[in-house]
Amino acid sequence: MTGRTIARRGIALALAALVLDLLLILPNHPGAMTPGALRLIPLELPAILLGFLALGPGRAGRILRVLVVGALVVLVTLKVADLVTQVALSRSFNPVADWPLIPAGLNVLAGSLGTLAAVGAAVAGIAAVVALTGLATWTTGVWMRSGAARPVRPVLGAAALAAAGVAVGEVGEARGLWRLPAEPPGAAFTARTGVEKVALGRRTVAAMRDFAVQARDDAVAGREGLLDAIDTDLLVIFVESYGRASLDGATYAPTHRATLGRAEEALDAAGLASRSGLLVAPTSGGQSWLSHTTLATGLWVPDQMRHVAALRTGRRTLWQIAGGAGFRSLAVMPGITMPWPEARALGFEETRVAASLGYRGEPFDWVTMPDQYTLRQLEHILDGADRAPVAAQVALISSHAPWTPIAEPVDWQAVGDGSIFDGSRRAGDAPAVVWRDRDRVREQYRLALDYALSTVFEFAARRGEAARPPLILILGDHQAAGWIAEDTRPHVPAHLIGSPDLVARASDWGWEAGLLPGPAVDPLPMDRMRDLILRTFSSPDRLADARAAGADAAAAPRKGPTE
């Protein structure tokens, strides 16, 4: 073997070891993406390299190579998934429950930046996995083919086992299983990620069993005639990405609190009362439907698995109960552009989705129509003659990413078919421009949410002119992503608005009068709202022993996800 060949082999070995090192130290949280991460010593690396030197290119070495490549591809992919969900949803990726996020995320991307961008992202993701597989195959092959001489292989094998033992020891200590006599020289972070994901998957499966038990334990099962204390329409209006940051975040509170203050004055002038509090949402940054299902079923629904399970339990939703009480159950969902079979399971007799709301204007990228148009269509429904009272879920979407362009408010009587908004649709920078600058994104979010809040509270004040104003619950579906909201708490504001006699029934909810809940208000888990509404707005004799189930909902601890 010539000197040049030895040098080339040495360079290949060093480069392969460096690539393996980088794959093993890749963080799974954006906060750890710092130059300091490069100084981490991955304890798995010596075990892997020594193992290949000990086994060589024979059958045992090839088996080790397949195992290492497979583990690297899976674990690095999971770490990247953690990075993405931490940025978007302020939590780590659940390998059991979160796979449906992939098509949902591509759908949002297609609506925001175009189908080509979504296709490009999908192709890039597949290409990245293929490239990762090829890279891991090359690096492990370089070391496998450089097996040591047979006389020293037993020594190297023992060293590999010792290194693996140190890695296992560090993982166990990090998980609190034991304490090591000495501090390891590095961390087996990638191996620890794998162990944690397996444990998370097992906990999720166990939680699903508990979830099924919770779903069967329903205090209002079999009760009829609930909600008989409401003699008007009942509206639950979700405002997209409306979180606690609007109340006490330095970037957003000055704008949004001022808007809430003006709205409170308008409601007072319209003769309406209001009380406000905070709820703990089951999700942050996205997946609004989890909050919708949580409120409707009274079950904690933090992921897609439990969303599907909740709709299959047969547990009566708020909307089914309302339908049984003589209300016309309605969903107004302008963000729904595909078939929505969940509507029937949620208990909606009628749905108005994007295609059936009659909008003839241009879409605002992902946002199919401005909130003012959606609420104007709701007004037409509520103003209809000779109808049953309406119980409606409305999901407003103008404050959904990408937050540009933003519709300009128009006179409510001039909304028409929505084409009046086309002028503001063409104003401002495109999402591809705005999203190059984090500060621009935050600014657009501030403005878009302010438009949504101004619009929905103006709608509420306008309903004060009705002979019997509706009872309206306006709430956020979730906090925006942590890097936008600058707040990772999953808290959302909630406002109960209506005639003073109805709002007064909620005086024991722990909420404060007006639209600005103070810091003393304790956040109430969103899964308690169904039974709290039923207890508050049903006659005592309708609830019997179910009354006790909701009586102290505000004081009950958050059930929350077990994973």
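Straightening the chain between R59 and D437 buys 130.9 nm, computed as 0.36 nm per residue apart minus the Cα-Cα spacing.
For region 3-205, the relative contact order works out to 36 percent when only alpha carbon pairs closer than 8 Å and six or more residues apart are counted.
The Cα-based radius of gyration and maximum Cα-Cα distance (Dmax) for region 218-555 are 18.8, 59 Å.
Using the average count of surrounding beta-carbon atoms within 10 Å as a protection proxy, the listed peptides 68-74, 519-525 rank, highest first, as 68-74, 519-525. Can you grab the distance from the C-alpha centre of region 257-320 to the C-alpha centre of region 497-520, Å, no decimals? After rounding, the separation between the Cα centres reads 16 Å. Applying the criteria of a DSSP loop state and at most 16 other Cβ atoms within 10 Å to the trypsin sites (Lys or Arg not before Pro) of region 281-361 yields R360. Highest-first packing order for the peptide set 528-540, 245-257 is 528-540, 245-257, based on the mean count of other beta carbon atoms within 10 Å. Given R₀ = 30 Å, what would the calculated FRET efficiency be for R257 paired with V308, taking r from the Cβ atoms and rounding to 0.05? Computed FRET efficiency for R257 and V308 comes out at 0.20. The Cα atoms of region 195-351 give a gyration tensor whose axes a ≥ b ≥ c have a/c of 1.5 or more with a/b no greater than b/c, which makes the shape oblate. Backbone N atoms of region 382-400 closer than 13 Å to the 7 Å Cα→Cβ label point of A467 belong to residues 383-389.
The label point for E183 and the one for N107, both projected 7 Å from the Cα toward the Cβ, are 4.9 nm apart.
Peptides 403-411, 15-23 ordered by packing proxy, namely the average of other Cβ atoms within 10 Å per residue, highest first: 403-411, 15-23. All other residues whose Cβ lies under 14 angstrom from that of S419 are scored, Lys and Arg at +1 and Asp and Glu at -1, for a net of 0. Grab the beta carbon distance between T137 and E196, set R0 = 35 Å, and tell me the FRET efficiency rounded to 0.05. Approximately 0.85, to the nearest 0.05. Charged neighbours of G358, selected by a Cβ distance under 11 Å, balance to +2 (K, R count +1; D, E count -1). Ratio of Rg to Rh for region 18-105: 1.07 [Cα atoms; Kirkwood radius as inverse mean 1/r over pairs]. Ranking F238, M208, V155 by how far each Cα lies toward the positive end of the dipole of region 146-286 (charges on Cβ) leaves V155 at the top. Once the C-beta distance of R360 and D501 is scaled by a Förster radius of 41 Å, the resulting FRET efficiency is 0.55 to the nearest 0.05. Each of D522 and V129 was given a label point 7 Å from its Cα along the Cα-to-Cβ line. The distance between the two points is 4.5 nm. If a/c stays under 1.5 just call it rounded; otherwise compare a/b with b/c (prolate if a/b is bigger, oblate if not). Do that for region 246-322, with a ≥ b ≥ c from the square roots of the Cα gyration tensor eigenvalues. Note, shape of region 246-322 comes out oblate.
Of all DSSP bridge pairs formed entirely within the chain, close to 40 percent run antiparallel. Extension gain for L18-W340 works out to 111.0 nm (0.36 nm per residue, less the C-alpha to C-alpha distance). When both region 364-393 and region 30-47 are represented by their alpha-carbon centers, they are found 53 Å apart.
Counting other Cβ atoms within 10 Å as a rough exposure proxy, the listed residues M369, M526 run M369, M526 from fewest neighbours to most. The relative contact order of region 240-372 comes to 14 percent, based on Cα pairs under 8 Å that sit 6 or more residues apart. Which one, L226, F93, A460, is farthest towards the positive end of the dipole of the chain when Lys and Arg carry +1 and Asp and Glu -1 on their Cβ? Value computed over the given set: F93. Which of the DSSP-defined H helices in the chain satisfy a minimum axial length of 24 Å, computed from C-alpha atoms, and a minimum mean Kyte-Doolittle hydropathy of 0.5? Helices passing the filter in the chain: 3-25, 59-89, 115-144, 153-174. Taking a sphere under 14 Å around the Cβ of I237 and counting the other residues whose Cβ falls inside, with K and R at +1 and D and E at -1, yields a net charge of -2.
Rounded to the nearest 20 debye, the dipole size of region 342-478 about its Cα centre is 160 debye, using +1 on the Cβ of Lys and Arg and -1 on the Cβ of Asp and Glu. Taking the number of Cβ atoms within 10 Å of each Cβ as an exposure proxy, the fewest-first ranking of I230, I11 is I11, I230.
We did not get these values from a lab; they are worked out from the coordinates using the rules stated. Keep in mind that what you see is a predicted model, and the values were worked out from it rather than measured. Here Cβ is always computed from backbone atoms with ideal geometry, including for glycine, and neighbour counts include all displayed protein chains.
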